[in-house]
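The values are calculated or read from the model by the stated rules, or taken from the named source; none is laboratory data. The structure presented is a predicted model; accordingly, all values stated were derived computationally and were not measured. These area figures cover heavy atoms from the full protein model, side chains too; ligands, DNA and RNA do not enter into them. Shrake-Rupley method; radii C 1.70, N 1.55, O 1.52, S 1.80 Å.
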Amino acid sequence: MKIALWHNNADIRIEEVPEPRPGPREMVVKILSCGICGSDIVEWYRLPRAPLVQGHEIGAEVVSAGDAVRKFKLGDRVFIAPKVPCLECKYCEEGHHAVCSSVKDRLPGGFAEYALVPEALVETGTYLLPDNVSYDHSTLIEPLACVIRAQRLAGIKAGQTVLVMGCGMAGLLHVKLAKLKHCTVIATDINDTRLAFAKNAGADIVIDAGDNIPERLAAATGRRAGAVMLCTSSLAAIDQAWKSVDKGGAVVFFAVPPPEKCVTVPINDFWTKEIRILTSYYCGPPDITAALEMIASKAVMVDDMITHRLPLRDTARGFQLVLEGKESIKVIIKPHQAS
Ligand SMILES: [Zn+2]
Ligand SMILES: [Zn+2]
C-alpha cells in the first residue's frame, strides 16, 4: 500500500509498504478521508517523531478484523481517535484526558491507504458513523471535539462576547460553536478570504487583525470580550488578546507561538481584574461523542469549510495549501481517490 511519509513540510514522500494484517483483537481500515490539521504543519511539534505518517482526522471503512473483534464488522463506517486515554489514572479522573499517563497505542497516521487499528483503539477509540455523516464530514469530528473542550474550559455561555483570533479551521469551528451557544462573536484574521468564511460561519463582526482590535471591539460592543480564543501563533495577536479581554474573562491558548518565542503576560493587570489564562490541548472521549452528535444533527455544519479534496500523491501540495492558508480552510486527503 501507499503511504505519505512526512520528513518535514518541504519533504513528504509517497512510499510503498506492506499492507497491515490484523491480529486477533485488531482491525484494518481503509482510509477514505483524512484531514490535514493545523497542528500537522507545526514543525517544532511534529519533528521529534519524524519521519512519520501524519493524519489523525480519519474517516474509514473496516476491511478486515481479527477473530476476537466483536464490536465492529466488515463494511462498518467509522471515525477513529488517534489515541485513547485509560480513563482510570489521576489525570483522566480530573478530566485531563490529553495527558493521560498510560496511553499505550496510537493509531498509525491516516495519510495512507490503510491503517492497523490497535486493540485499545478498537475497544474504546472507534466510533460508528451515522449514515448522514460522510467520511469527509467525519474529518471534522476531532477538530470540533478540541474546540468543544476549549470552550468548556473557558466557561463560555449564552450572552457572552467571544473574540476568536485566527480564522482557519479551528477558529471557524470556534465561531460556529459560540454562535450555537448564543454568544456575540467577533472574529479576526489578517486574511480577507478567511474573514469572509468567518462571516458565513455566523460571526457578528469581523475585524482585520491589522486594526486596533481592542478599540474596534469596544466601539462595536461597548465592552471587552468575556473569552478570547487564540487560534493563531502570532505574537501580535497575543498582545491584542491581552488588551481585549474583559474583567473576569479568560484568554485561551488554543494555538501557541513557537518555543523560541517569549510571551510577556501583564500579570499585575490580570491579577486585579481576575483574568484567567488557559491552555487547551487535544480532547477527551466525552468531547468526541459531543462533536459527533453535533455534526450528525447538523447543529454544527461542516460542509462549507471543506475547500480541497486531494489524492494521496498530492499530500505535499495539501500541506502547502495549509501552510499558505490563503484559499484553503479544510484540506482533506482521500487516499483512494484517483485524482
Ligand atoms: Zn487535528
Ligand atoms: Zn489516564
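With the convex hull constructed from alpha-carbon coordinates only, the stretch 11-57 shows a mean projected area of 4.6 nm² over all directions.
Divided by 2.2 N^0.38 Å, where N counts the residues, the Cα radius of gyration of the stretch 65-157 comes to 1.20. From the largest down, the stretch 164-234 spans 27, 27, 20 angstrom on the principal axes of its Cα atoms. To the nearest 10 degrees, how steep is helix 169-180 against the longest Cα principal axis of the chain, on a 0 to 90 scale? Roughly 70 degrees, rounded to the nearest 10. Computed over the chain with a Gaussian network model linking Cα atoms closer than 10 Å, the most mobile of Lys261, Lys326, Lys30 is Lys261. Compactness of the stretch 102-242, taken as the C-alpha radius of gyration over 2.2 N^0.38 Å, stands at 1.23. Only helical runs count toward this figure. For the chain, summing -39,500 (n - 2.57) over DSSP H runs of n ≥ 4 and dividing by all residues gives -8000 deg cm²/dmol at 222 nm. When the square roots of the Cα gyration tensor eigenvalues are ordered a ≥ b ≥ c, the ratio a/c for the stretch 267-313 is 1.5 or more and a/b exceeds b/c, which makes its shape prolate.
Rg/Rh for the stretch 197-243 (Cα atoms only, Rh after Kirkwood) is 0.94. Largest mean-square fluctuation among Val164, Val133, Val228, in a Gaussian network model of the chain whose springs join Cα atoms under 10 Å apart, belongs to Val133.
With N as its number of residues, the stretch 101-153 has a Cα radius of gyration that, divided by 2.2 N^0.38 Å, comes to 1.32.
Binning the alpha carbon pair distances of the stretch 136-201 at 5 angstrom intervals from zero yields the distribution 4, 19, 29, 25, 17, 6, 0, expressed in whole percent.
Across the chain, the fraction of Cα-Cα pairs farther apart than 33 Å, rounded to a whole number, is 26%. Based on the Kirkwood radius over alpha-carbon pairs, what value in µm²/s does the Stokes-Einstein equation return for the translational diffusion coefficient of the stretch 1-142 at 37 °C and 0.692 mPa s? Result for D is 209 µm²/s. Among beta bridges from DSSP that stay inside the chain, the antiparallel ones total about 55%.
Ignoring lysines fewer than eight residues from Lys330 along the same chain, the ones with Cα atoms less than 26 angstrom from its Cα are Lys2, Lys30, Lys83, Lys176, Lys179, Lys181, Lys199, Lys298.
With semi-axes defined as the square roots of five times the eigenvalues of the C-alpha gyration tensor, the equivalent ellipsoid of the stretch 258-338 measures 35, 22, 12 Å, largest first. Phi angles of the stretch 240-250 translate, via the Karplus equation with coefficients 6.51, -1.76, 1.60 and θ = phi - 60°, into HN-Hα couplings of 5, 4, 4, 8, 9, 8, 7, 4, x, x, 9 Hz per residue; Gly and Pro are given as x.
In the stretch 1-79, the convex hull through the Cα atoms has an average projected area of 5.9 nm², a quarter of its surface area.
Using a 1.4 Å probe over the heavy atoms of the protein chains, calculate the carbon and sulfur portion of the accessible area of the chain as a whole percent.
For the chain, the apolar C and S fraction of the accessible surface comes to 53 percent.
For the stretch 299-339, the Kirkwood hydrodynamic radius comes to 10.7 Å, computed from all pairs of different C-alpha atoms. A 1.4 Å probe run over the stretch 1-110, with the rest of the protein chains in place, finds 50 Å² accessible per residue.
Computed with a 1.4 Å probe over protein heavy atoms only, the accessible surface of the stretch 221-339 comes to 48 Å² per residue.
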